[in-house]
Amino acid sequence: MADLVGTAPASAFPATSSSGALLTIEGLTVDFSGVRVLRGIDLTLSRGESLGIVGESGSGKSVTWLATLGLLPRTANVSGSVQLDGQEMLGVAASRLDRIRGGRVAMIFQDPSSALNPVIRIGKQVGEVLARHQGVSGANIRAETKRLFDLVGLPDAARRFDAYPHELSGGQNQRVMIAMALAGKPDVLVADEPTTALDATIQAQILDLLTTIRRETGMALVLISHDLGVVSETCERIMVMYGGRVVEAAPSDSIFANPQHPYTQGLLAALPPFDGALHRLIPIEGQVPEPANMPPGCPFAPRCAQRMTVCKETIPPLTQTEAGHFSACIAGAVTEARQSLKVHKSVLA
Amino acid sequence: MLRFAAIRILRAVLTIALVVTFAFLVLRLSGDPARSIMGDDASPEAMAAFRREWGLDQPLWAQYLHYFAAILHGELGRSMRGGGPALDLVLGRIPATLMLTLPALLMKLAIGIPAGIYAALHRDSAIDRAVMVTAVAGYTVPSFVLGLVLVQVLAIWFAWLPTGGTGSLQHLILPIITLGVGGAAVLARFVRSAMLEVLGQPYIRTASAKGIPWAAVVRGHALPNAAIPTVTIVGFMVGNLIAGAVVVESVFSWPGLGNLLVVSVTARDLAVVQCILLLVAVAMVLSNLIVDFLYGFLDPRLAEANSTGGH
Ligand SMILES: Nc1ncnc2c1ncn2[C@@H]1O[C@H](COP(=O)(O)OP(=O)(O)OP(=O)(O)O)[C@@H](O)[C@H]1O
Ligand code: SF4
Ligand SMILES: [Mg+2]
């Protein structure tokens, strides 16, 4: 019952653009051996949109997208709905999923050096995608791979085809991963902390590259990160996750100008200021709860300075607080309690 | 690459020298060949003559130097029992041993590898558990126990197969099975865990995220990686082709190298024992060399380390 209340209707969380939903996730939940780690995710992604996902470690950012692409281990129990252009993706035959993965939705991962196969030449690893999703074959694979390597700014592209991952730096390997993702000409690229394992300058270069490519190809970008700052520079819209739920979602500028959820406010307070002045950063006190010990009410309640008694019992639903801005906080929703209640009735009806 | 090879070969030669020295010491210090070959009731004069003939009256270090120098000249000595060249005696037994160990090796590979792969791909399924239980049983039961049980059941109760000896293809079956079961079990367990390790790696998830069908992910991305650690244990089994059948040859009275070893050790027939040990060491060292080069071939990370001289 609590979960039903906590699940916002998809219609209450529309995409910012009007060109129609490309990817729609509704009520996505994931359980690992009976423990719920993802507790009802709803989101809509439009064509060409850039969406940032932020949250502390363990908030369910990766699991959301691994579940979407059917990449979780068999021990995971996934339910809900994921639709790409209106076609259901969850639970479809492997052969259909394999046409979507790498072709329509590509995903790259945190540590590029372990995400590439150590015993296969990188050119061949990219070529696999070309052969599978673009029907490229023979000598064209080498030519097209070189073009992709040039596109992602891999130095000495022609010679790199025969290199192994260990012969490249982390940043270069991440460029290979991006080239591999682009090889399928995807509509969506999900980048799961693509720069966490890289040093700061390389990090900026990779983020620039992703932004440029998105502009040029018109694909949608989902950028997962711990870092609200990184995401806000790259993405138009931000979704904040906590304890396996979405706690706030809004356009980037709106998140910065007017953060609604105490957790988002905490994340912002922990950001170094833009002017570079040395203010004391205020980290959020306490720890993310373990999925097995999730508090019954608001997942953030144990750490929330604005906590009220109801917070410990009721799971606050994701509610629209202003146009395009959604937050899951009882305190923030008090003023709009009536509207919020109406939304619930319409969901339950 | 050259330097890599030179280091490996030097190490191989040192290993063999160590084995030779060790065998010499253990055998010379553990008993008196004159007594064990001539028998307790031989006359003191005969014993002394025997000792003189085989150089056993010399100080130990002189015997050792003499022995080592002879080996360097390719002279492996004569059997104290028969008098013939030890090497001929030993080489003559090799075909019989290989007749058991080669098919047994094939059996290990043909059963162990697919079973391990299958178990890993169907982790925690009923078949996985069955494979693992069988594997644990297969490698905890000593081969002489298994051999005796097989003889009892198949040869004595059902009388389908001979209990031991030579003469027909039927004679081969029980010893080969006895040899193969344990190794297949070891290999199955090993391959399973190597596969599980590889299947948990991020690059496998990457391959799936690229839309590569699972069968192709397993074939093209998982197996080549799982092959790398597996080569070690298969190399060990290959190195064991010559020496691996001692117990089973005894159980089935099979006239192979293992049998010769047991007889020669009991008799303290030094030259023969040393010749066998030398051969075993050479086989082990050779298989290690092959494994090392195979590593370089299978794993580009090592290939590079090798070509730059291990830096
Ligand atoms: N294979 C798995 N088995 C069991 N639990 C898992 C598994 N994968 C993830 N989890 C759990 O699911 C929860 C969410 O994990 P997830 O990886 O999505 O976090 P995240 O937000 O991506 O964190 P990070 O920033 O550390 O990557 C965590 O509590 C994690 O322990
Ligand atoms: S619902 Fe309550 S505990 Fe949760 S964030 Fe809002 S005020 Fe804090
Ligand atoms: Mg993650």
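The values are calculated or read from the model by the stated rules, or taken from the named source; none is laboratory data. Just so you know, these numbers come straight off a predicted model, no measurement behind them. Here Cβ is always computed from backbone atoms with ideal geometry, including for glycine, and neighbour counts include all displayed protein chains. Please note that ligands, DNA and RNA were not included when accessible areas were found on the heavy atoms of the full protein model with its side chains. Shrake-Rupley method; radii C 1.70, N 1.55, O 1.52, S 1.80 Å.
So the values come out like this:
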| read-out | value |
| --- | --- |
| Accessible surface, per residue, of the protein assembly as shown when the full set of protein chains is kept, probe 1.4 Å, Å² | 46 |
| Neighbourhood charge, 11 Å Cβ-Cβ cut-off, centred on A:I224 and excluding it, Lys, Arg +1 and Asp, Glu -1 | -2 |
| Net charge of Cβ neighbours under 11 Å - reference B:V136; Lys, Arg +1; Asp, Glu -1 | +2 |
| Prolate/oblate/rounded call for chain A, Cα gyration tensor, a/c under 1.5 rounded | prolate |
| Contact order relative to length of the range B:187-311, as percent, for alpha carbon pairs under 8 angstrom and 6 or more apart | 23 |
| Relative contact order of the range A:20-235, pairs being alpha-carbon contacts under 8 Å that are 6 or more residues apart, as % | 27 |
| Members of the range A:139-185 that become less accessible by 40 Å² or more once partner protein chains are added (1.4 angstrom probe, chain alone as reference) | A:H166 |
| At least 30 Å² accessible surface lost relative to isolated chain, residues of the range B:204-253 (1.4 Å probe) | B:R205, B:T206, B:S208, B:A209, B:K210, B:G211, B:I212, B:P213, B:H221, B:N225 |
| 10 Å beta-carbon shell around A:R74, net charge (K/R +1, D/E -1) | 0 |
| Relative contact order (%) - chain B, alpha-carbon pairs under 8 angstrom, separation at least six | 29 |
| A/B buried area, accessible surface, summed, 1.4 Å probe, Å² | 2000 |
| Accessible surface of chain A [probe 1.4 Å, protein heavy atoms]: carbon and sulfur percent | 53 |
| Residue-averaged beta-carbon neighbours from other chains (10 angstrom radius) around A:96-107 | 3 |
| Sulfur and carbon atoms: percent of accessible area, the range B:86-307 [1.4 Å] | 72 |
